[in-house]
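Right, one structure below, let's go through it.
The values are calculated or read from the model by the stated rules, or taken from the named source; none is laboratory data. In this text, all values refer to a predicted model and were calculated from it rather than measured experimentally. Here the Cβ is made from the backbone with ideal geometry for all residues, glycine too, and neighbour counts use every protein chain on show. These accessible areas exclude ligands, DNA and RNA; they are computed on the full protein's heavy atoms, side chains included. Shrake-Rupley method; radii C 1.70, N 1.55, O 1.52, S 1.80 Å.
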Amino acid sequence: MSTNDTNRNISHLGIREGGGRIDRWAEWIADAISLPTLFCSPAELRRALRDAVTKHAHATSVSGCMILLFGSAARLEDARDLDLIVVDPGMPPDEHHYYCRHSTHELQIDLNVVSTEWLSTAWRDVEWGYWLAESFPLLRSDTKCEALWSRSVNLYWSRQGINLRRDYHQECVQRLISVNDAIDRDAYPLLSRLLAHESARALACALIDQYGERIFSHRSLLDEFRNAVQRSGLSPLMQTSYITALAPGGLEDTVKFLSLRRNISRLYRSEQFKKITGYSLSDSLKGRVHSLAMLVNGPTGSWMETQLKLLSADKWLPQPTRLFVTDDLLARIFKLHMENEPRAKVVRHAARIVPTMGNISGARWAQYENGRLKLIVNTGGCKTPSCHFCHLPSYGRSLPRGDFVATVDDALTRYKPDELALYNDGNLLNEREVPDETLLEVCRTISKYGIRRLIVESIPRFVTRRKIEAVVKESKVDELTVAMGFQSAGNFFSIPYFGRPDVDTLFDFAIEEIHAAGATVRLYLLWGFGPVPIETWEERLQTSLDWAIARGVKRISVCQYRPDALGIGDQSNNAHSNRIRELLAQLKDTRSAGIEVVDGGLRSCAN
């Protein structure tokens, strides 16, 4: 689709002057990033983008839409190009996705304008769901769009989403392999090599989808694939012929792989290719596979072979003309998810013994020490009880609910602390657990006692800047900390293994909202749950610390899993605890956050 056609179809965006042209959006973003800004840190760049987009939206009266950043810049990696999605609720029902590329002397902007219908269903698509699941909101001016985005990114990593993607990958891989097997390799030697490579890449993406994060990032694909092979235990089945078809320079040569993908992308983006195959840049992965399948025989195959010769593809395409993959390898890759199921089995904890402390009516736990009061109030337990390892929902359900405001008032009257850690065996910011008006009334009660520091806990989907600012304002505390159970970076690990209810990008956005409201963040990381090798815990811990510190998190608590509800450990737990401390000691000199190991005997399951 031409840029003019695209511009015509989004003229209803409501932008003054310019009528909503996609290139106008792109120019605005490019103008917001001055040359000095390009040399700031990735976190500063993303924040500058968000501020600039918000400022321009207010200045031009743009409302009712959502702008999402994805790709390297969204992940806080060095980037000189931007990938954006504009969600436009006003798009006609039969129009869902338009794309254009805008380039300046400083950067390249790939811009997508989509409908709310696209936003609500993109999680079902392997590629667009992936981009959406790592996206970061630059502008939120429509609550419906924001709710759809939050729902879609979580659905992408749900069990349903994972199974859909497995079937999707399997269909694409099998079709590419069958096309590669059927082609006349003597007549079309270069096209055969291209199809062998695309088959190998599709198979790599299928494996990364189960054991990694960045499925479609050319820059990190080889690293992700190498890690996925190691995590899956498939190294012995990976033949040299397969590696050669995927990466002509081997898995260590990212530069040669990037050059290969740039050449292929240049070919796919050509007007001739799009005209002959019907391919569109906004097509799904299946759309691209269909376009490639059309090239097997007849004039389209001859045309493609000629184009590859003109592009000197003999010099840069991998050598194999056929992908040799054993049935055993294919079966293992597409059945691995079944082997993961036992690890994802929810651990249901019967509340035979509920840890309690203190004698404050309506509170399960009241512990005062050195000016700090830790108070866990009975509000009925967590309403999002998906975490496989967590005892807290059963604790909350086992005790009668009290008057939240009266319980807090009673505790503060008795202990008069400087710091209050206020928990509820769930999410204090979830209105289903604590109604907003009740939360504000509690905050007003806190303000009467001159509390200096307040700590609350929630999962990220309930965190908003407005709510955090209201808590600070009504409680009149000097410092507010919002704690969140992050467990581990990496959706492929935290969602299936731990049952964590929210994906990484929602934590990322919540951290930004908390900081923007003038509060601080505490993240909990989990260690030692389930049949996971200690080497994996070490890898996940280092990755998670890097992730958190890059986002300005100042306090990180590494929590060792205790299988006994009372937290009574054994020698294996002690070995894990010692290893955690050894790792943190090695990392101490290079870390800017306060990192602590949380363990001990009788515990409340929150600190």
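Restricting the search to the range 451-461, which residues are open to solvent by less than 50 Å² (accessible area, probe 1.4 Å) and either under 22 Å from Asp410 (Cα atoms) or polar (S, T, N, Q) (or both)? So that I can check it myself, show each step before the final result.
Applying the first criterion (open to solvent by less than 50 Å² (accessible area, probe 1.4 Å)) to the range 451-461 yields 451, 454-460.
If the condition is that a residue be open to solvent by less than 50 Å² (accessible area, probe 1.4 Å) and either under 22 Å from Asp410 (Cα atoms) or polar (S, T, N, Q) (or both), then Ile451, Leu454, Ile455, Val456, Glu457, Ser458 are the ones that fit.
Farther than 30 Å from Phe324 by Cα and over 18 Å from the mean Cα position of the chain (by Cα): which single residue out of Val179, Val153, Val87, Val173 fits that description? Working first, answer last.
Values: Val179 fails: farther than 30 Å from Phe324 by Cα; Val153 fails: over 18 Å from the mean Cα position of the chain (by Cα); Val173 fails: farther than 30 Å from Phe324 by Cα.
The conditions single out Val87.
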Discussion item. I'm trying to understand the selection: among the residues of the range 267-285, which are out of contact with any His (no Cβ under 7 Å at 6 or more places or on another chain) and either touching a residue at least 40 places away in the same chain (Cβ under 8 Å) or not in a helix (DSSP H, G or I) (or both)?
Written reply: Leu267, Arg269, Ser270, Gly278, Tyr279, Ser280, Leu281, Asp283, Ser284, Leu285
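Can you tell me how many residues in the range 396-410 are part of a helix (DSSP H, G or I) and open to solvent by 10 Å² or more (accessible area, probe 1.4 Å)?
Taking the range 396-410 and keeping what is part of a helix (DSSP H, G or I), we get 396-398, 404-410.
When the remaining residues are screened for being open to solvent by 10 Å² or more (accessible area, probe 1.4 Å), the result is 397-398, 404-406, 409-410.
So the answer is 7.
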Worksheet item: With (1) surrounded by fewer than 21 Cβ atoms within 10 Å (Cβ to Cβ); (2) more than 14 Å from the chain's Cα centre (by Cα) as the list, and Tyr497 as the residue in question, which single condition is left unmet?
Response: (1)
Worksheet item: Somewhere in the range 180-198, is a residue open to solvent by less than 30 Å² (accessible area, probe 1.4 Å) and free of Cβ contacts under 8 Å to residues at least 60 places away in the same chain?
Response: no
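Within the bounds of the range 248-256, is there any residue that is farther than 18 Å from Trp128 by Cα, open to solvent by less than 10 Å² (accessible area, probe 1.4 Å) and assigned to a helix (DSSP H, G or I)?
Here is the first cut: in the range 248-256, the ones farther than 18 Å from Trp128 by Cα are 248-256.
Those left that are additionally open to solvent by less than 10 Å² (accessible area, probe 1.4 Å): none.
Within the range 248-256, not a single residue is farther than 18 Å from Trp128 by Cα, open to solvent by less than 10 Å² (accessible area, probe 1.4 Å) and assigned to a helix (DSSP H, G or I).
Filter the range 521-549 for residues that are among the aromatic types (Phe, Trp, Tyr) and in a helix (DSSP H, G or I); which is farthest from Pro42 (Cα to Cα)? Can you show your working first?
First, the residues of the range 521-549 that are among the aromatic types (Phe, Trp, Tyr): 524, 527, 529, 537, 547.
Pick out the ones that are also in a helix (DSSP H, G or I) and you get 537, 547.
Values: Trp537: 27, Trp547: 12 Å.
For the range 521-549, the residue satisfying everything is Trp537.
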Response to the item:
Only one of Gly552, Gly518 is in a loop (DSSP other than H, G, I, E, B), open to solvent by 10 Å² or more (accessible area, probe 1.4 Å) and modelled with pLDDT of 95 or more, namely Gly518
Discussion item. Can you confirm whether Thr481 is surrounded by fewer than 22 Cβ atoms within 10 Å (Cβ to Cβ) and touching a Ser or Thr at 6+ places or on another chain (Cβ under 7 Å)?
Written reply: yes
Fill in: Residues satisfying the stated conditions in the range 355-395, i.e. of a type in the set (Val, Ile, Thr), crowded, with 17+ Cβ neighbours inside 10 Å and in contact with a strand residue (DSSP E or B) (Cβ under 7 Å, 6 or more places away or on another chain)
Ile360, Ile376, Val377
Discussion item. Within the range 416-428, take every residue that is in a loop (DSSP other than H, G, I, E, B) and touching a residue at least 40 places away in the same chain (Cβ under 8 Å) and give me the one that is surrounded by the most Cβ atoms within 10 Å (Cβ to Cβ).
Written reply: Asp425
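Got at least one residue in the range 208-226 being of a type in the set (Gly, Ala, Ser), part of a helix (DSSP H, G or I), open to solvent by 10 Å² or more (accessible area, probe 1.4 Å) and within 24 Å of Tyr130 (Cβ to Cβ)? Spell out how you get there, then give the answer.
Filtering the range 208-226 for residues of a type in the set (Gly, Ala, Ser) gives 212, 217, 220.
Checking the rest, the ones that are also part of a helix (DSSP H, G or I) come to none.
Checking the range 208-226: not a single residue is of a type in the set (Gly, Ala, Ser), part of a helix (DSSP H, G or I), open to solvent by 10 Å² or more (accessible area, probe 1.4 Å) and within 24 Å of Tyr130 (Cβ to Cβ).
Residues Thr413, Thr464: which one is among the hydroxyl-bearing types (Ser, Thr, Tyr), over 16 Å from Leu375 (Cβ atoms) and open to solvent by 10 Å² or more (accessible area, probe 1.4 Å)?
Details: Thr413 fails: over 16 Å from Leu375 (Cβ atoms).
Matching residue, one of Thr413, Thr464: Thr464.
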Practice prompt. Test Asp314 against the criterion of being open to solvent by 50 Å² or more (accessible area, probe 1.4 Å), modelled with pLDDT of 90 or more and of a type in the set (Asp, Glu), and give yes or no.
Written response: yes
